[in-house]
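Read through the structure below, which is laid out as structure tokens, and then see the notes.
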Amino acid sequence: MAHINLLPWREWERERRKKQFLGNLAATFLLGVLVVLGGGWYLDARVENQNARNAFLQKEIQVLDEKIAEISELKKKREELLARIRVILELQTNRPIIVRVFDELVRTLSPGVHFTNLQMQANVLTLDGAAESNNRISSLMRNLDASDLFASPNLKSIKEDPENEHYGAQASVFNLTFIQTNPNAPEGEAETGAPTAAGAEAAAQTQPKAGTEVR
């Protein structure tokens with residue numbers, strides 16, 4: 001009888017286990033709340049960090065767009081300057097050519113011939129004039145063909161002008177075309193962009209009478 005435990009140990013054990021279970025449950029709940037709060041804080045931090053990166057990227061993209069626009073504007077200005085330089089160089093190159101054209105026209109002018117109208121379109125010249133006779137026109141065409149600056153003379157029309165005040169009853173009026181060539185180019189090679197003789201004839205027939213005109 002001395003070794004019999006009459007205390008309510010089963011109830012105590014049951015109460016202890018219940019308290020232990022409730023403690024573990026509370027600890028698990030608190031741990032879950034902490035995990036959820038920590039996860040939410042971590043995700044919020046990542047979102048804020050990503051938003052900050054996105055804002056930085058947007059700012060840098062805007063800066064790059066401004067630089068690209070500036071570069072495009074600089075390229076446009078560069079093209080405009082290059083175009084002006086090309087025009088200036090072309091004018092400087094062509095300036096002595098016009099003087100040479102008129103000088104060569106005087107050199108090729110035959111006696112008994114005078115010009116009434118001269119038009120120049122690109123490198124094709126159209127000439128109207130009056131002559132004492134047809135032989136004078138032939139002499140003019142030979143002079144043009146022998147010139148270093150002109151080539152491919154082509155007589156477009158000729159008709160008698162008996163009432164001409166300069167040359168009398170044997171006079172004729174004529175219209176011819178010829179090409180301005182580059183005397184510095186290799187033999188047989190016309191100036192860059194110059195048409196061939198057939199092309200010049202077609203150009204003279206189709207192009208409007210515009211350009212340099214001398215009366």
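The values are calculated or read from the model by the stated rules, or taken from the named source; none is laboratory data. Predicted model only: the values in this text are computed from it and were never measured. All Cβ positions, glycine included, derive from the backbone under ideal geometry; neighbour counts span all protein chains shown.
Summary table
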quantity: Meets criteria (under 22 Å from I179 (Cβ atoms) and surrounded by fewer than 10 Cβ atoms within 10 Å (Cβ to Cβ)) for L91; calculated: yes
quantity: Total residues in the range 74-101, condition under 13 Å from L149 (Cβ atoms) and free of Cβ contacts under 8 Å to residues at least 24 places away in the same chain; calculated: 2
quantity: Candidates F102, F56, filtered to the one that is within 30 Å of G168 (Cα to Cα), surrounded by 10 or more Cβ atoms within 10 Å (Cβ to Cβ), within 38 Å of the chain's Cα centre (by Cα) and not assigned by TED's automatic domain parsing to the domain that holds A131; calculated: F102
quantity: Residue in the range 128-135 that is part of a strand (DSSP E or B) and hydrophobic (A, V, I, L, M, F, W, C) present; calculated: yes
quantity: Scan of the range 102-127 for residues that are free of Cβ contacts under 8 Å to residues at least 60 places away in the same chain, under 17 Å from D145 (Cα atoms) and not in a helix (DSSP H, G or I), ordered by number; calculated: L109, S110, P111, V113, L125, L127
